[in-house]
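The next block holds one structure in the form of structure tokens; read it before the comments.
The values are calculated or read from the model by the stated rules, or taken from the named source; none is laboratory data. Please read all numbers here as calculations on a predicted model, not as lab measurements. Neighbour counts run over all protein chains shown; Cβ positions are idealised from the backbone, glycine included. Keep in mind that these areas ignore ligands, DNA and RNA; they rest on the heavy atoms of the full protein, side chains included. Shrake-Rupley method; radii C 1.70, N 1.55, O 1.52, S 1.80 Å.
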Amino acid sequence: MSAAVQLSNLTYRYGQRTALDQLSLEIQTGEMFVFLGPNGGGKTTLFRLLSTLLNLQEGEASLLGYDLRRDITEIRLRLGVVFQAPSLDKKLTVSENIRFQAALYGLGGATLKQREAEMLAQLGLADRARELVETLSGGLKRRVELAKGMIHHPQLLLLDEPSTGLDPGARVDLWQYLSRMRREFGVTVVLTTHLLEEADKADRIAILNRGKLVALDTPDALRATVGGDSITIETEDPVRLSGELQAQLGLAANVVDGRLRLEQASGHEWIARIVEAFPGRIASITLGKPTLEDVFIEKTGHRFWQAEETAP
Amino acid sequence: MSALATSNTKDHAATKSASPATLVRPNPWLAVSMLCWREIIRFFRQRNRVVGAIGQPVLFWLLFGAGFQRSFRVGESGETSFLAYYFPGTLMLILLFTAIFATISIIEDRREGLLQGVLIAPCPRWSMVLGKVLGGTLIALSQGLIFLALALVIQVSMSVAAALWLTVLMFVAGIALTSLGVVIAWRMDSTQGFHAIMSVVLLPMWLLSGAFFPVPALGASANWSEVALHWVMLLNPLTYSVAGARYLVGGVSGDMWSPAPALCWVVTCVFAIVMFGAAWWIAGRRTTGDAI
């Protein structure tokens, strides 16, 4: 199978600030691919480039085999985009919004009628077709966005933070819909998110931090790179204990949010040894399986949310 | 909730995703008509816009017309009443207001996110601009025609042919003014900025178009301020649209300075073409500002 998205050395700058730095990767056709990263990590810029909203600066990119510089119309024809900011006209009804979008993609007449009915049925919007969009809930609005994005049967669907503003039920709906589009119609789904638990549902995850690709693999493989178990220690002076752990037991621990975090195989045995080695110094110690957050910390040296605060 | 996951998908399966064979090519004219239709639907769903666009100019016309009735004299004969003189100007003001407010929606569309969805569509950029401009123009024209109908009842009388020509002129001027609105609105990120432009550029442009007072003639007795005003008004393309409309409603008296009728049409058409070209050009450039 050919790659749906191919990026090589993609770099983008806003003046002095580098938003994307030498990004290279491939997304396979039919894949469910997630760009994970804190806000300011570069994923929104990447999204704008892929959605053809911004011109490429440096590097090469191709979507569905078409060059993102030259064959922009061919790409636009085959690309479905769901923006984070709602792209609906609130003064129009659900059906009018869909028909408006369809016209921009050359769909009219009988084809449009059939496609509209199909979208409304797929997204459970049939009984809402005549309602003004401004009267709909957030979850329903997102469904209309999806209907708009899928009306021309795109081969590649891009979604920017699609879960933002959705309640848990609507999120489940969204993921079911995306999985079905991929399974039944072979649509490649690429989305950005800052939600770790959401990224876990993807085939592969690319972690972007400060414009750079810091990790790219399946969720399980990423967790495996962290190694064994994750141990979190609460203590009075984490910096000092970190040094002592290194000196006495040869353990590398990061200080994260005033706590010590380390990854180690056979964590349960290490817990006993650590507590014995530093009597009275450990306020609490917990053992867990590594999460994507641990992966993120491992790859970037800082906590996920912390990155967001210090991002330029 | 389950509707999403379980609804029947036979339809979609039959047309199995966008394979090259079934790929639909964009049709620019379909996009134009849809964008145009959307403008019109939106306008009439916002009642306050309908009232605002026609109410204020009509109010101005009646109030100024009544107020200036005694003091206003054109030329030496003084046979043109202010209400009659001011009529074509009011018509242009209605076009201006409607066209401009129609294009303010670009700023809202950008802020609310709708515009980026349009910008990444495969239809050519000129079709997006033309749809918007045509929509704004048709709204403006409909308002202009309502005013025309009102005025015919009250005061002005004109032939059917003149009314038809006036409709054409209003359409062309509407294209020019809506395109001008697009040019102004395209790069603007707030509606406040648009209101500032309205006060310092658009209203002066209208005031200096001969809508409100005639272009001073360049006689021997003309002082420097009259000469300056004469040239400023001569360089204002709207002057020609107003004068063209005034010819058609028979409001031009012999001793009033006015550009030739043919020139009025030529300048109005050129104004429309240039403005539309400018709107197309500015909308065709991709910048970071397109994203929100």
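Being surrounded by fewer than 13 Cβ atoms within 10 Å (Cβ to Cβ) and closer than 29 Å to residue B:105 by Cα is the requirement here; does residue B:225 meet it?
No: the conditions fail for residue B:225.
Quick one: how many residues across region A:1-17 are within 14 Å of another protein chain (Cβ to nearest Cβ), open to solvent by less than 80 Å² (accessible area, probe 1.4 Å) and part of a strand (DSSP E or B)?
Of the residues in region A:1-17, 3 are within 14 Å of another protein chain (Cβ to nearest Cβ), open to solvent by less than 80 Å² (accessible area, probe 1.4 Å) and part of a strand (DSSP E or B).
What number of residues in region A:243-284 are within 19 Å of residue A:223 (Cα to Cα), open to solvent by 30 Å² or more (accessible area, probe 1.4 Å) and touching a Phe, Trp or Tyr at 6+ places or on another chain (Cβ under 9 Å)?
1
Residues that are at pLDDT 90 or above, at least 1 per element: which helices (runs of 4 or more DSSP H) completely within region A:125-209 meet that?
Numbers: elements: A:138-150, A:168-185, A:196-199.
Counting at least 1 such residues, we get A:138-150, A:168-185.
Yes or no: residue A:214 hydrophobic (A, V, I, L, M, F, W, C) and without any contact (Cβ under 8 Å) to a residue 40 or more places away in the chain?
Here the answer is no, as residue A:214 does not meet what is asked.
Which of the residues that make up region A:23-52 are assigned to a loop (DSSP other than H, G, I, E, B) and either more than 11 Å from chain B (Cβ to nearest Cβ) or surrounded by fewer than 21 Cβ atoms within 10 Å (Cβ to Cβ) (or both)?
First, pick out the residues of region A:23-52 that are assigned to a loop (DSSP other than H, G, I, E, B): A:29-31, A:37-42, A:51-52.
Within region A:23-52, A:29, A:30, A:31, A:37, A:38, A:39, A:40, A:41, A:42 meet the criteria.
Give B:172, B:168, B:182 a once-over and let me know the one that is in a helix (DSSP H, G or I) and touching a Cys at 6+ places or on another chain (Cβ under 7 Å).
So the residue among B:172, B:168, B:182 that is in a helix (DSSP H, G or I) and touching a Cys at 6+ places or on another chain (Cβ under 7 Å) is B:172.
Hey, residue A:77 hits all of (1) open to solvent by 10 Å² or more (accessible area, probe 1.4 Å); (2) at the interface with chain B (Cβ under 9 Å from one of its Cβ atoms); (3) within 30 Å of residue B:42 (Cα to Cα) but one; which does it fall short on?
Among (1) open to solvent by 10 Å² or more (accessible area, probe 1.4 Å); (2) at the interface with chain B (Cβ under 9 Å from one of its Cβ atoms); (3) within 30 Å of residue B:42 (Cα to Cα), the lone unmet condition for residue A:77 is (1).
Quick check on region A:164-171. Is at least one of its residues among the hydroxyl-bearing types (Ser, Thr, Tyr) and either touching a strand residue (DSSP E or B) at 6+ places or on another chain (Cβ under 7 Å) or without any contact (Cβ under 8 Å) to a residue 60 or more places away in the chain (or both)?
Checking region A:164-171: not a single residue is among the hydroxyl-bearing types (Ser, Thr, Tyr) and either touching a strand residue (DSSP E or B) at 6+ places or on another chain (Cβ under 7 Å) or without any contact (Cβ under 8 Å) to a residue 60 or more places away in the chain (or both).
Restricting the search to region B:254-292, which residues are modelled with pLDDT of 80 or more, within 14 Å of another protein chain (Cβ to nearest Cβ) and in a helix (DSSP H, G or I)?
Residue satisfying the conditions is B:283 alone.
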